[in-house]
Amino acid sequence: MGLKEKFSIKEKQESITKAVKKEAKSEYREDKKQVLGQAKRIKKLWQSKEVVQLKTDAIAVLYKKRGYEDKFFEEFEKITKEGYQLVLMEPVKALNAGSIDIQIGIYYYFQHSKFIN
């Protein structure tokens, strides 16, 4: 292998290394944006005293967290009397990091009975 070939291989490896570093930085920035966005959403949800998160003619979403059970059950009763049926429950996690599971509440998804086939 000649001297020219050794330099060209080294230059290719350096350019590949730079490209990988640039891509890693870009992915890091994207992940950071997502984490910060989720943190803001969780903080807002944590501070919220609202049980009804969304209500339309077809669907309703209730949020249950510790300390607001009485208000939750009042809203739950209202929703079911209006003809909504529970279709899904989903835990809300403050942190999603593998085996670490910090649950801060539960979403309850309802669908109006006239829209269920």
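The values are calculated or read from the model by the stated rules, or taken from the named source; none is laboratory data. Model, not experiment: these values are computed from the prediction. With ideal geometry, Cβ positions are generated from the backbone for all residues, glycine too; neighbour counts draw on all protein chains shown.
Starting from residues that are at pLDDT 75 or above, exposed (fewer than 10 other Cβ atoms within 10 Å of the Cβ) and out of contact with any strand residue (DSSP E or B) (no Cβ under 7 Å at 6 or more places or on another chain), keep the ones in region 31-66 and report whichever is farthest from ALA94 (Cα to Cα).
THR56
Would it be correct to say that LYS78 is modelled with pLDDT of 85 or more, out of contact with any strand residue (DSSP E or B) (no Cβ under 6 Å at 6 or more places or on another chain) and surrounded by 11 or more Cβ atoms within 10 Å (Cβ to Cβ)?
Yes; evaluated as a whole, the condition is true for this residue.
Condition first: over 20 Å from the mean Cα position of the chain (by Cα) and of a type in the set (Ser, Thr, Tyr). Now tell me which residues in region 52-66 satisfy that.
Within region 52-66, just THR56 meets the criteria.
Quick check on my filter: what residues within region 81-117 are buried (at least 16 other Cβ atoms within 10 Å of the Cβ) and either without any contact (Cβ under 8 Å) to a residue 24 or more places away in the chain or of a type in the set (Gly, Ala, Ser) (or both)? Break it down stepwise before answering.
Taking region 81-117 and keeping what is buried (at least 16 other Cβ atoms within 10 Å of the Cβ), we get 84, 92, 94, 105, 107-112.
Passing the criteria: ALA94, GLY105.
Can GLU69 be described as surrounded by 11 or more Cβ atoms within 10 Å (Cβ to Cβ) and under 24 Å from the mean Cα position of the chain (by Cα)?
On the way: surrounded by 11 or more Cβ atoms within 10 Å (Cβ to Cβ): yes; under 24 Å from the mean Cα position of the chain (by Cα): yes.
The answer is yes for GLU69.
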